[in-house]
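Only one structure is covered here, and it is reproduced in the block below.
The values are calculated or read from the model by the stated rules, or taken from the named source; none is laboratory data. All values reported here derive from a predicted model rather than from experimental measurement. Note: ideal-geometry Cβ built from the backbone for every residue, glycine included; neighbour counts use all protein chains shown. The area values use the complete protein model at the heavy-atom level, side chains included, leaving out ligands, DNA and RNA. Shrake-Rupley method; radii C 1.70, N 1.55, O 1.52, S 1.80 Å.
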Amino acid sequence: MHIEAALLARQQLYRRARDYLREQDVLEVETPLLGSAGTTDPQIESFQLRAGGQTRYLQTSPEFFLKRLVASTGRSVYSLGKVFRNGETGRWHNPEFSMLEWYRVGFNLQGIMQDTCQLVAACLGQPELQAHRVSYRELFEQHFSLNPHRAELPEVEPLVHQYTSYQAPLVSVAEGLQLLMDQVIEPGFYSPFTLLYHFPADQCALARLTDCEGDPVAERFELYAGQLELANGYHELTDADEQAHRFANDLQQRQQAGQPQVTVDQALVEALRSGMPDCAGVSVGMDRLLAHAMQLDGIQPLLPFGWSQS
Amino acid sequence: MASYSTNEFKSGLKVMLDGDPCSIVENEFVKPGKGQAFNRVRLKNLKTGRTWEKTFKSGESVEAADVMDVEMDYLYSDGEFWTFMDPTTYDQKAADKNAVGDALPWLKEQDTCVVTLWDGTPLAVAPPNHVELEIVETDPGVRGDTAQGGTKPAKLATGAVVKVPLFLEQGDVIRVDTRSAEYLGRAKE
């Protein structure tokens, strides 16, 4: 493929995404790439640098800044730009990649799922997106007769060793569920698009929790194109105390695992405390969406300057 | 002992697993947006030739295998071992039948092969991609028939049997691709 074709396709993709969001009255904003706080998520590492005697973090997602803007303006906002994740390189990963992230005031989980489908359809030049909707629990019940929200390590570990190529002892249930999802369940995603929702509570990230038939679940979803994870969204957590608690929990996990400590975004906690409107947000990996639109088997051919040439 | 972290994994890397030297065939970095990163790796056991998939947690380390590919000349066989010599050091190595494996029907004395050594012991032998061998047995040649495109089996000096055009005779020397057992042409005299 000529790189010029990739550049033109990216320009068209971005124009369509911006057109859709403008029609929906979502405001485009810019957020800092070098923040004084970083993600605390133990599974994501930021690049850090020193500036003026202070540590700064290349942002792994614009989520903290966008949520602060939603709180201060009450508006639906989006940003389209680069994010950075240290150590993520592969066919579908690059340490810097392009992310479209937006927040819709007044939307719930169903609303943002529908909105995401509409945006992706608009980006692909299709009238609508036919997506198969399924909950995390339904999938595990179908494949393993297992309720993932109540599963214990002694049930999950034998399944992992039987059905996946990971043979070491498991450290957590979450790790086991993820291996089963990646190696057994996702390969069975036969629909062009799948909306997977209601993740286990311990995979909640910035999503609020809700009760679903007696189980606590995260109001979080992911959109897949075939087996490729394209988008990840939440009915957003707006409870400041709960947010502070999750940050502290992440830092404790990092300390136990010997990972770098991270400066917590206290301003986000304060923004939630000042009164955050009910909202939902989602991010789309634009390199992946572009690869899907161009029927490529990875994002590297789309990058004019891949990691090794930059 | 040297070791490799999963972020150094790439195809061709030689590592030790369960006491056996293995080669990485394919390495896929797998990570959901929220969740643990893994490397799904296809490996080939260099002793048994078996390939299989194994998942590692990203960041894990694996011991490096002391495996090297060395160009060596094939000297002779006593029926049990096949002896190769490094043309610069004159160092000789004896490979057993298991190591010689599929290279056996292509081994001609003095030809330069690639010998895979593990801790100095031959693990595998790859013949040259192209070899020149004499036809020792085939049906009589059909004179003038060069355009028809028909073929017949021909047995070569090393024991390999390949398909050759009808006009070739016993005693002719031909060039063969050892990877596909395909006839390439007559050897230039």
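Can you find even one residue in the range B:111-119 that is within 14 Å of another protein chain (Cβ to nearest Cβ), within 29 Å of B:THR6 (Cα to Cα) and either in a strand (DSSP E or B) or at pLDDT 95 or above (or both)? For the range B:111-119, residues within 14 Å of another protein chain (Cβ to nearest Cβ), within 29 Å of B:THR6 (Cα to Cα) and either in a strand (DSSP E or B) or at pLDDT 95 or above (or both): absent.
Of the strands (runs of 3 or more DSSP E) lying entirely inside the range A:40-91, those carrying at least 2 residues that are in contact (Cβ under 8 Å) with a residue 40 or more places away in the chain are A:54-58, A:77-84.
The residues of the range B:34-79 that are of a type in the set (Ser, Thr, Tyr) and open to solvent by 70 Å² or more (accessible area, probe 1.4 Å), listed by number, are B:THR48, B:SER61, B:TYR76.
When residues in the range A:153-167 are screened for being open to solvent by 40 Å² or more (accessible area, probe 1.4 Å) and part of a helix (DSSP H, G or I), 8 of them pass. Listed by position, the strands (runs of 3 or more DSSP E) inside the range A:168-277 whose residues that are without any contact (Cβ under 8 Å) to a residue 24 or more places away in the chain and open to solvent by 20 Å² or more (accessible area, probe 1.4 Å) number at least 1 are A:209-212. Within the range A:69-86, restricting attention to residues that are open to solvent by 50 Å² or more (accessible area, probe 1.4 Å) and within 24 Å of A:VAL262 (Cβ to Cβ), the residue that is nearest to the other protein chains (Cβ to nearest Cβ) is A:ASN86. Each residue in the range B:144-154 was checked for being assigned to a strand (DSSP E or B) and either of a type in the set (A, V, I, L, M, F, W, C) or at pLDDT 95 or above (or both), and 1 of them qualify. For the range B:30-53, the set of residues classified as more than 7 Å from chain A (Cβ to nearest Cβ) and more than 21 Å from A:TYR163 (Cβ to Cβ) consists of B:LYS44, B:ASN45, B:LEU46, B:LYS47, B:THR48, B:GLY49, listed by residue number.
Residues that are free of Cβ contacts under 8 Å to residues at least 12 places away in the same chain, open to solvent by 20 Å² or more (accessible area, probe 1.4 Å) and in contact with a strand residue (DSSP E or B) (Cβ under 8 Å, 6 or more places away or on another chain): does the range B:80-89 have at least one? Within the range B:80-89, not a single residue is free of Cβ contacts under 8 Å to residues at least 12 places away in the same chain, open to solvent by 20 Å² or more (accessible area, probe 1.4 Å) and in contact with a strand residue (DSSP E or B) (Cβ under 8 Å, 6 or more places away or on another chain).
Anything in the range A:280-300 that is surrounded by 18 or more Cβ atoms within 10 Å (Cβ to Cβ) and within 14 Å of chain B (Cβ to nearest Cβ)? List them, or say none. Selection gives A:GLY281, A:VAL282, A:SER283, A:VAL284, A:GLY285, A:MET286, A:ASP287, A:ARG288, A:LEU289, A:ILE299, A:GLN300.
Taking the range B:50-66, which residues are under 13 Å from B:PRO21 (Cα atoms) and free of Cβ contacts under 8 Å to residues at least 60 places away in the same chain?
Hits for the range B:50-66 are B:ARG50, B:THR51, B:VAL62, B:ALA65, B:ASP66.
Of the strands (runs of 3 or more DSSP E) lying entirely inside the range B:1-98, not one contains at least 3 residues that are modelled with pLDDT of 95 or more, hydrophobic (A, V, I, L, M, F, W, C) and under 30 Å from A:ALA207 (Cβ atoms). Kindly establish whether B:THR158 is open to solvent by 30 Å² or more (accessible area, probe 1.4 Å), among the polar types (S, T, N, Q) and over 12 Å from the mean Cα position of the chain (by Cα). Here the answer is yes, as B:THR158 does meet what is asked.
Here A:GLY35, A:GLY53 are screened, and the one residue that is of a type in the set (Gly, Ala, Ser) and out of contact with any Phe, Trp or Tyr (no Cβ under 8 Å at 6 or more places or on another chain) is A:GLY53.
For the range A:59-68, the candidate set comprises residues that are more than 18 Å from A:ASP115 (Cβ to Cβ) and of a type in the set (A, V, I, L, M, F, W, C); within that set, the residue that is least open to solvent (accessible area, probe 1.4 Å) is A:PHE64.
Evaluation of B:GLY141 against the conditions (1) open to solvent by 30 Å² or more (accessible area, probe 1.4 Å); (2) in a loop (DSSP other than H, G, I, E, B) shows that the sole unmet condition is (1).
When A:GLY233, A:GLY226 are screened for being within 22 Å of A:VAL282 (Cβ to Cβ) and more than 14 Å from chain B (Cβ to nearest Cβ), only A:GLY226 passes. Of the residues making up the range A:151-167, none is within 14 Å of another protein chain (Cβ to nearest Cβ), out of contact with any Asp or Glu (no Cβ under 8 Å at 6 or more places or on another chain) and within 14 Å of A:TYR197 (Cα to Cα).
Within the range A:38-54, the set of residues being open to solvent by 10 Å² or more (accessible area, probe 1.4 Å), within 30 Å of B:VAL30 (Cβ to Cβ) and away from chain B (no Cβ under 14 Å) comprises A:SER46, A:PHE47, A:GLN48, A:LEU49. Selection over the range B:17-29 of residues that are over 20 Å from the mean Cα position of the chain (by Cα), open to solvent by 30 Å² or more (accessible area, probe 1.4 Å) and either closer than 23 Å to A:TRP92 by Cα or more than 14 Å from chain A (Cβ to nearest Cβ) (or both) gives a count of 3.
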